[in-house]
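Notes follow the structure.
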Number of protein chains: 2
Amino acid sequence: MTEEWLLDRSSDTPLYQQIHDRIVGKIRSGAWPVGTKIPTQRELAERFGVNRSTIVYALDELSADGLIQSKVGQGTVVANNTWNVIASARTPDWGRYVAAGAHRPNQQLIQLINKAEENPAILRLGTGEPAPELLPARAMMLSLQNSAASLSLSYSEPRGSLRLRETLSRYLLAKGINAAPSSILIVSGGLQALQLIALGLLHDGSAILTESPSYLNSVHVVQSAGIRPCGVPMDKDGLLARRLGSMKRKTDAAMLYTIPAFHNPTGCLMPAARREELLHVCMHERLPVVEDDVYGDLWLDEEPPPPLKAMDREGLVLYIGSMSKSLGPGLRLGWIVAPVPVIDRLADIKMQTDYGTSALSQHAVAEWLETGRYDEHLSGLRAELRRRRGYMDTLLNRYMGSRAEWSLPQGGFYIWLRIRSPIQVRRLFDLALKEGILLHPGSVYDPGLDEPYLRLSYAYASFDQMELGIRRLAALISQLSGDNTQEL
Amino acid sequence: MTEEWLLDRSSDTPLYQQIHDRIVGKIRSGAWPVGTKIPTQRELAERFGVNRSTIVYALDELSADGLIQSKVGQGTVVANNTWNVIASARTPDWGRYVAAGAHRPNQQLIQLINKAEENPAILRLGTGEPAPELLPARAMMLSLQNSAASLSLSYSEPRGSLRLRETLSRYLLAKGINAAPSSILIVSGGLQALQLIALGLLHDGSAILTESPSYLNSVHVVQSAGIRPCGVPMDKDGLLARRLGSMKRKTDAAMLYTIPAFHNPTGCLMPAARREELLHVCMHERLPVVEDDVYGDLWLDEEPPPPLKAMDREGLVLYIGSMSKSLGPGLRLGWIVAPVPVIDRLADIKMQTDYGTSALSQHAVAEWLETGRYDEHLSGLRAELRRRRGYMDTLLNRYMGSRAEWSLPQGGFYIWLRIRSPIQVRRLFDLALKEGILLHPGSVYDPGLDEPYLRLSYAYASFDQMELGIRRLAALISQLSGDNTQEL
């Protein structure tokens with residue numbers, strides 16, 4: 001191994017990153033001009049004296065940077081242009097925000113999932129959105145003609161359309177939340193709400209307490225803003241509120257993020273008593289709470305207890321709602337309820353980011369809330385989700401009765417499935433993907449998870465797809481468990 | 001002055017910032033609990049031994065943080081709650097991104113302008129958006145019912161709806177731009193395009209060359225991302241391309257940002273010869289170009305020369321378009337055209353930020369482009385803008401013939417007005433605002449501007465408002481010039 005290829009093994013910079021940077025240097029300096037065929041993975045592994053998997057990581061990054069490209073029959077060649085070199089020279093915040101450690105495979109998995117979801121033929125067993133046929137696209141378009149006169153195509157106010165905020169104020173009151181229009185900010189979906197909170201209210205390096213597992217671990221923007229989710233253990237009633245005080249002190253957490261209604265990914269519903277306890281502890285600890293209630297309207301058996309925000313007398317709770325799970329993610333419309341100074345700050349950042357949310361979406365949502373169409377739609381959607389939940393339960397009992405454990409959620413989309421045999425879920429994911437079935441491994445929601453879990457969703461796949469998917473899933477689990485006596 | 005109030009005058013931290021931090025400390029420690037009436041500005045100025053204007057800056061920040069509140073008859077009191085304390089503890093990126101120097105008053109002015117625009121009664125003489133009555137809100141709603149069947153309310157692909165990208169590909173071809181749908185990214189308006197570029201392609205501290213003056217100086221997100229706009233001098237044909245090479249080397253600029261068609265704020269149209277020269281220089285210098293063409297469709301006399309992107313053979317130009325100026329800012333819809341690896345990177349960041357742009361907006365724009373409604377609308381809009389341009393010219397000749405200089409733009413919205421007497425534009429802004437007239441001072445677009453300029457727009461104010469506004473403007477300029485022989 002010549003010096004040219006020598007890596008610094010005592011450095012904090014991971015080896016794959018060093019290799020990446022070394023190759024970027026060769027491309028930038030002109031040593032490897034555009035069109036150069038670069039050495040094979042095997043050759044690079046030998047020259048650098050590392051495992052081939054390390055080379056694969058480095059090449060993946062270079063490929064994501066647009067600096068190299070694999071061509072059939074030609075191997076891998078340098079494909080840079082000026083823009084790409086700039087792109088690759090970026091600060092690490094977005095591209096390589098987690099240079100090492102447990103999060104990396106997690107994020108790699110999320111990228112694989114996102115990529116697979118672009119394939120329209122894929123069978124999605126865990127996707128967190130309602131199937132297109134459950135969304136009232138046609139009805140929405142037709143309904144809008146009645147209200148054409150009140151649409152404005154100008155910029156809306158910084159907090160969003162006043163009409164929509166007034167309408168939401170009434171809608172929230174029905175949940176027990178007393179929110180003036182001035183304390184509501186319209187955002188482009190729940191993800192943007194999290195981004196605004198990360199940018200506007202948190203330090204780089206802040207810790208956030210959250211359920212373990214939690215959707216928050218799958219949110220790239222949280223990690224790229226340098227925010228550390230810290231998992232609080234759960235029982236069947238949700239996160240253990242009594243642990244919050246000591247965990248806050250241990251982690252110096254800046255806030256708590258929680259999904260009390262139909263938690264993602266566990267489906268758990270926090271009962272009223274636990275909610276009261278949680279709020280009590282948080283008030284005592286002066287621990288601000290972000291309450292994510294995007295599944296709240298999707299109760300299937302009975303209405304959930306009032307949100308934490310409804311019990312909040314001290315402005316401690318920042319509340320997030322959205323139309324993405326109930327009326328359509330394509331609307332890109334959600335809201336934040338918070339004390340006015342916080343709303344002002346977040347509105348300011350939002351205006352600097354995108355000048356507001358689509359006027360068409362704001363108009364459509366106001367219209368559907370005001371005319372009662374939203375409530376009608378929810379009734380139908382709940383009936384459909386109930387059928388789907390029942391069917392998935394039947395399938396799980398039929399094919400996986402002895403191989404897995406689960407409990408049925410009282411609302412939302414998700415079944416948190418524990419697989420009894422100690423299989424490698426990543427292996428299961430790969431095998432299923434080869435068969436055209438997309439799974440959501442539990443590690444996406446808890447990088448430290450040491451038992452095999454999957455997040456299943458009954459909201460997306462059709463009945464036929466669910467049957468096929470759960471049946472194949474059971475067979476693959478058998479196979480990986482080294483057990484050939486497959487059920488059925 | 002006791003030690004408690006002693007400031008560090010040798011520190012890089014500006015005095016107002018030190019004062020701000022000192023007061024935050026008092027609030028956080030509990031020394032000044034909620035409801036505490038804080039000392040008056042005069043008292044604080046004495047205790048800290050600074051000018052009162054420094055105190056005003058510090059209190060403005062505290063007020064923006066939500067930590068203090070002025071109440072009529074009660075003075076200024078501490079109004080914090082837990083959220084606010086967190087908010088005030090933010091890293092400086094967003095809140096105090098420019099701690100000192102020329103940009104600060106500039107940004108303060110922009111905030112004043114944004115605030116004034118929230119007042120529906122304000123007379124806007126420089127606003128960069130079309131008047132609501134020029135936008136086809138009603139027609140858009142009515143038209144959508146015909147195409148209800150093709151709407152999807154699901155998430156769209158990461159680059160945006162394929163249908164819209166295919167439609168845009170044809171629309172761009174008519175401008176001479178050969179862009180495959182895979183090299184187009186749908187974004188939520190031109191501002192988001194700039195944000196994605198700043199986050200995805202630039203380092204913190206990168207310099208960008210741009211026209212002097214330039215819209216870019218008014219864009220908060222550019223500054224909060226730590227990007228330094230560097231002004232390139234202009235003549236009547238736009239920026240001086242021959243200066244780019246030396247300026248690139250001097251500033252180590254990462255790219256050029258330019259608005260060749262109907263430049264904001266000067267209205268300048270770059271002729272074909274200058275475009276060719278510019279591209280030639282940029283290719284020679286390997287200087288990537290961001291071409292902002294959001295006004296391109298708003299030509300009033302004749303079609304502009306082809307965009308830089310149409311002449312780009314090397315993937316050097318990243319092109320930005322938008323429906324905000326022509327069809328409606330409320331749609332929040334724009335696009336980026338760039339080499340595929342760049343689009344992939346920006347699409348990835350966009351997905352992490354807001355999961356895409358409103359499906360309703362994407363649907364409406366595709367529909368209007370495909371059916372020819374967009375072109376019809378443009379014809380009508382151009383006719384209307386022509387009338388307005390002519391009327392504003394008449395008014396300027398009538399009231400300000402000898403007091404100012406301007407030339408009529410061949411498209412877009414803006415007239416760049418140079419006031420002949422050396423008045424304080426900030427003073428003019430304040431006086432006009434007191435009369436309910438909102439101006440856009442030239443310093444917003446060039447913080448180093450040492451002559452009195454205003455950006456006027458004929459797109460927003462009504463004919464009556466223009467008459468009143470220009471007349472009053474002329475009177476105020478006379479007054480500030482110490483000249484009482486007001487014209488007419």
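Computed from the coordinates by the stated procedures, all read-outs in this text should not be read as laboratory data. What you see is a predicted model, and the numbers here were worked out from it, not measured in a lab. Cβ coordinates were reconstructed from backbone atoms using ideal geometry, including for glycine residues, and neighbour counts include every protein chain displayed.
Below, the figures for the structure above:
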read-out	value
Sites B:S182 and B:E370 - FRET efficiency at Förster radius 22 Å, r taken between beta-carbons, to 0.05	0.65
Cα-based Rg of the protein assembly as shown normalised by 2.2 N^0.38 Å, two decimals	0.97
Backbone HN-Hα couplings from phi across the range A:463-474 [Karplus 6.51/-1.76/1.60, Hz, Gly and Pro as x]	4, 4, 5, 4, 4, 4, x, 5, 4, 5, 4, 4
Listed pairs B:K250/B:K325; B:K175/B:K325; A:K37/A:K115; A:K71/A:K115 exceeding 23 Å between Cα atoms	B:K250/B:K325; A:K37/A:K115
Karplus-derived HN-Hα couplings along the range A:282-295 (A = 6.51, B = -1.76, C = 1.60, θ = phi - 60°), whole Hz, x at Gly and Pro	5, 5, 4, 8, 6, 9, x, 10, 9, 9, 9, 10, 6, 9
Distance between the range A:357-405 and the range B:282-301 - C-alpha centres, whole angstrom	46
Dimensions in Å of the range B:198-292 - Rg and Dmax from alpha carbons	12.4, 35
Estimated D of the range B:105-176 in µm² per second, where Rh is the Kirkwood radius over Cα pairs and Stokes-Einstein applies at 37 °C, 0.692 mPa s	197
Distances in nm from A:N397 to the matching label points in the other copies, shortest first (labels 7 Å along Cα to Cβ)	8.6
For chain A, radius of gyration divided by Kirkwood radius, i.e. Rg to Rh on alpha-carbons	0.99
Inter-label distance for A:S481 and A:S53, nm, one decimal - labels placed 7 Å from Cα along Cα-to-Cβ	2.6
Förster radius 51 Å - calculated FRET efficiency between A:E435 and A:E276 (Cβ-Cβ, nearest 0.05)	0.65
Karplus 3J(HN,Hα) series, Hz, for the range B:298-310 with 6.51 cos²θ - 1.76 cosθ + 1.60 (x for Gly, Pro)	9, 6, 10, 9, 8, 4, x, x, x, x, 3, 4, 5
Orientation-averaged projected area, Cα convex hull of the range B:24-69 (nm²)	3.1
Calculated over the range A:126-213: convex hull of Cα atoms, volume per residue (Å³)	186
Shape parameters for the range A:143-373, alpha-carbon atoms, Rg then Dmax in Å	17.2, 56
Inter-copy spacing of B:A273 label points, which lie 7 Å from Cα along Cα→Cβ, given in nm from shortest upward	8.6
Expected-Rg normalisation [2.2 N^0.38 Å, Cα atoms] applied to the range B:302-394	1.34
Crossing angle, helix B:162-173 versus chain B [Cα axis fit, 0-90 degrees, rounded to tens]	70
Rounded FRET efficiency, nearest 0.05, which uses the C-beta distance separating A:S402 from B:L408 and R0 of 56 Å	0.10
Nitroxide proxy distance, nm - points 7 Å out along Cα→Cβ at A:L112 and B:L378	4.6
Rough spin-label spacing in nm, given labels placed 7 Å along Cα→Cβ, for B:Q424 and B:S246	3.6
